[in-house]
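Input: a single structure, listed below in structure tokens.
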Amino acid sequence: MVLELEHDKITGLTEKEAARRIKSEGYNEIAGHNKNNIFSIVWGVLKEPMFILLIACGLIYVFLGDIKEAMMLLFCVFVIIGINIYQENKTEKTLDALRDLSSPRAVVIRDKEKKRIAGREVVRGDILILSEGDRVPADAIILSCSNMQVDESLLTGESVPVRKAESRDLSKISTPGGDDLPFLYSGTLVVSGTCIAEVIGIGMNTEMGKIGKSLQTLTIEKTSLQTEVNTLVKYFAIWGLFLCAIVVIIYGLTRKVWLQSFLTGITLAMSLLPEEFPVVLTIFLALGAWRMSRKKVLARRQHAIQMLGSATVLCVDKTGTLTMNKMSIKKVYSKGKFIDLSKKELDTNFYEIIETGILASQKDPFDPMEKALKNLSQKIGFDKQIDSWKLIKDFPLTRKILATSEVWESEKKEFVIATKGAPETILELCHLNSREKQKLFKEVAKMASEGLRVIGVAKAKVKKLNNKEEVHDFDFNFIGFLGFEDPVRPSVASAIKECYNAGIKVIMITGDYPVTAKNIASQIGLKECELITGQELDKLDDNELKKRISNVCIFARVVPEQKLRIVNALKANGEITVMTGDGVNDAPALKSAHVGIAMGMRGTDVAREASGMVILDDDFSSIVEGVKTGRRIFDNIRKAMSYVFAVHFPIAGITLLALIFGWPLILFPAHIVFLELIIDPACSIVFESGKEEKNIMKRKPRNPKEKIFNKKTVLLSILQGIFILIIIALMFKFALFLNKTELEARTLAFATLIIANLVLILANLSWKESVFSETKLENKALIYIVIGAIVFLLLTIYVPYLRELFLFQSLNLKEWGMVILAGIIVMSGFEIIKKAIKIN
């Protein structure tokens, strides 16, 4: 049993044993997400209006005695069900992968090493390391702890955190609630302190599992896009039914063939029903989230995908996001002297400050600065000297006292209190006079001007310890300053330049001194602008901050709690704000921002849960990639919707023209189904995988209130649809003028419609590039659709059985020349329309 927080002495389970337990006991998860099986997918498809219309058409064909046509429609139903199963399965797998990524993380000890794993991979017997802000991944018993308090309101309803104690007794776990118990419960939240605990219950065998609660973090929620699309579908459905009723009545009264009139009405209904709209959104948002995860950006909420592409301001932490979070001690100040460790080895005159810094740190540190201290202390062998020392008490960092302090009992039975933290706090704790402070602040300024992060170190000694003593009660002696270097990430400068080109403002937020912040700002290419410190921020009221913030790009000496005011001020100015954070105190700002982004590598579970997104590698350039992907997703949704809207124009229009001018019917349900076999995969797969426009990061952010169908996209779709309709109508009429039979005229018109449809896909894949752009050849789904459509068209024209079903006739080379010429005219027309409308 381990009684002290000495992680390096704990073995933990082996990876082999953990894998065996997962195999025998299952993953640490609570059943809550019901997957769609094949039967539920099929049933969902059969309930769709399109398939109800197909079945109605089949019944009418049975009454008309055309069994072949009825069987062909039934076959098409199965084909489209197959497409839907494929799409649903791909979406389901994507969502499963995202749920795994977004599940809480857990730090465990396995094979003597500390590892961060997915919460679902925790097994019974695992040794957990928990600290402030962590979500407890499983039921466990505490082996060792320090200042441990846990919020168990999820289970007990009590908002007051409970105090925890350690225990050697691995007996049955008690019920939640009450102070000084050694038990931790899955789903509860560590409010303060640290502990080592052994897992004794996972999944359904936890208290959470017993009461059947499920903590799902990734749910399919309705976004404003989905609301807009649902409204559009209802609008089309109402008008479609109205037109169908009119067509059935007019056709029946004028031609006296009522079964045929119902068939015509159903054909028109099928051609008007944009059932692809909801499919486009579901697939694009799910696969868009998956694409973001490949760019190291995990979208936990679909709303965040939509908003990220509209971001106007990125508020980012300096440490670990703009910098590499790989601290090393570059400069040390002690006893009135400096030493530059990048040029010289540490000499004995500076040992005391390193030793004190180590005493003020965790034994097995997670913080990068403490890691740098430990690495340096190992070189001088001090880490072994304190093995026999006993940690008595620690004082965590608070907003009032920006320093951490540790109380140790040495071999000499005296108590050593080591503290490190913000220079101004350390100097205050040492009770120095103003003259001494002023002199030392000049030394801090020198170090900060080099871009170093500076912390102060002090020490106190007492013979007796009073348990009621606070940090400021001790008589500290000033030891010196440590200057930490954290290199800027190589990709940041280019990413910030890309943000400026995209009309996005970048604000750097840091706890460092203004001089340090300005040094880093110059390295990363941040535009020169106003700087506000945390102290100044406290003095500003909300209106003053709102006025000044438009000219600010650096906030220095800021504590996490102040981030919320920054977010609210930006929002009040109408900015679409993105805020990054990793700590417990960042949660309010992350939740308030339009898009809160938590850090995946160093972020607490609280920060992750409050955010809409998680950056898996903590890199600023990944955020910029996320913005780019967010813009691409919206662009592709708009293109797909525009295509769907445009392609339904000629399909419905040609049926109405036949009715108005007394022509023979050109399209029957079988033809509509053929077109659906192109439209469905085109709008859901081809457009989803379409590449972003070259100018995607050279245009201003999109207004989030902007609709999918704005004036320009509606005009583009209408003009494209009408142009195809005119070409098809002219082809049909010209064929009749040349004394072609009805079957030949229909074949020519339908072949033209298919070619025009493929050209429409090519044209709408990019509103900036030509139809012949080479980038389109990179879209494999497009190539498959084009080849499949042409092959199936040839089969329906030249295979006798299919030709009879589709009411076609074989075409000769001259007639194919007419179709190809029509396709070239359509292509040229689309290029002219695109250039005339100029969509961004």
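The values are calculated or read from the model by the stated rules, or taken from the named source; none is laboratory data. The structure presented is a predicted model; accordingly, all values stated were derived computationally and were not measured. Ideal geometry is used to build each Cβ from the backbone, glycine not excepted, and the neighbour counts take in all protein chains shown. Just so you know, the surface numbers come from the protein's heavy atoms only, side chains and all, with ligands and any DNA or RNA stripped out. Shrake-Rupley method; radii C 1.70, N 1.55, O 1.52, S 1.80 Å.
Overview of results
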| item | result |
| --- | --- |
| Meets criteria (within 30 Å of the chain's Cα centre (by Cα), closer than 23 Å to residue 486 by Cβ and either modelled with pLDDT under 90 or surrounded by fewer than 16 Cβ atoms within 10 Å (Cβ to Cβ) (or both)) for residue 521 | no |
| Any strands (runs of 3 or more DSSP E) falling wholly within segment 96-164 and containing at least 1 residues that are more than 31 Å from the chain's Cα centre (by Cα) and modelled with pLDDT under 85 | 139-151 |
| Check on residue 478, in contact with a helix residue (DSSP H, G or I) (Cβ under 8 Å, 6 or more places away or on another chain), closer than 17 Å to residue 511 by Cβ and either open to solvent by 30 Å² or more (accessible area, probe 1.4 Å) or aromatic (Phe, Trp, Tyr) (or both) | no |
| Breaking point among (1) of a type in the set (D, E, K, R); (2) touching a Ser or Thr at 6+ places or on another chain (Cβ under 9 Å); (3) closer than 28 Å to residue 398 by Cα; (4) at pLDDT 90 or above, for residue 505 | (3) |
| Qualifying residue in segment 536-550 (condition: closer than 25 Å to residue 444 by Cβ, touching a Cys at 6+ places or on another chain (Cβ under 7 Å) and either open to solvent by less than 40 Å² (accessible area, probe 1.4 Å) or without any contact (Cβ under 8 Å) to a residue 60 or more places away in the chain (or both)) | no |
| Any hit, segment 741-750, residues being part of a loop (DSSP other than H, G, I, E, B) and modelled with pLDDT of 90 or more | yes |
| Residue check for residue 445: over 38 Å from the mean Cα position of the chain (by Cα), open to solvent by 40 Å² or more (accessible area, probe 1.4 Å), small (Gly, Ala, Ser) and modelled with pLDDT of 90 or more | yes |
| Check on residue 525, within 19 Å of residue 448 (Cβ to Cβ), among the small types (Gly, Ala, Ser) and touching a residue at least 12 places away in the same chain (Cβ under 8 Å) | no |
| Every residue from segment 802-811 that is touching a residue at least 12 places away in the same chain (Cβ under 8 Å) and more than 15 Å from residue 666 (Cβ to Cβ) | 804, 805, 810, 811 |
| Enumeration of residues in segment 506-518 that are of a type in the set (D, E, K, R) and surrounded by fewer than 22 Cβ atoms within 10 Å (Cβ to Cβ) | 518 |
| Count of residues meeting criterion [exposed (fewer than 15 other Cβ atoms within 10 Å of the Cβ) and modelled with pLDDT of 90 or more] in segment 789-824 | 16 |
| Failed item, numbered, when residue 739 is tested on (1) under 21 Å from residue 690 (Cβ atoms); (2) surrounded by fewer than 22 Cβ atoms within 10 Å (Cβ to Cβ) | (1) |
| Set 603, 612: member being farther than 23 Å from residue 368 by Cβ and open to solvent by less than 20 Å² (accessible area, probe 1.4 Å) | 612 |
| Some residue of segment 556-565 being more than 25 Å from the chain's Cα centre (by Cα) and at pLDDT 90 or above | yes |
| Unmet criterion (only one of (1) over 18 Å from residue 579 (Cβ atoms); (2) at pLDDT 90 or above; (3) open to solvent by 20 Å² or more (accessible area, probe 1.4 Å)) for residue 639 | (3) |
| The one condition in (1) in contact with a helix residue (DSSP H, G or I) (Cβ under 9 Å, 6 or more places away or on another chain); (2) surrounded by fewer than 19 Cβ atoms within 10 Å (Cβ to Cβ); (3) of a type in the set (Gly, Ala, Ser) that residue 418 fails to fulfil | (2) |
| Any hit, segment 379-388, residues being outside any strand (DSSP E or B) and under 29 Å from residue 509 (Cα atoms) | no |
| Any chance residue 518 is of a type outside the set (Ser, Thr, Tyr) and touching a residue at least 12 places away in the same chain (Cβ under 8 Å) | yes |
| Subset of segment 585-600 that is open to solvent by 20 Å² or more (accessible area, probe 1.4 Å) and not hydroxyl-bearing (Ser, Thr, Tyr) - its residue that is nearest to residue 309 (Cα to Cα) | 594 |
| Criterion: open to solvent by 10 Å² or more (accessible area, probe 1.4 Å), touching a Gly at 6+ places or on another chain (Cβ under 7 Å) and either of a type outside the set (S, T, N, Q) or within 30 Å of residue 748 (Cα to Cα) (or both) - qualifying residue of 685, 633 | 633 |
| Residue within segment 404-414 that is at pLDDT below 90, over 42 Å from the mean Cα position of the chain (by Cα) and under 19 Å from residue 329 (Cα atoms) present | no |
| In segment 825-840, the residues that are open to solvent by less than 80 Å² (accessible area, probe 1.4 Å), of a type in the set (Val, Ile, Thr) and either within 13 Å of residue 715 (Cα to Cα) or without any contact (Cβ under 8 Å) to a residue 24 or more places away in the chain (or both) | 833, 837, 839 |
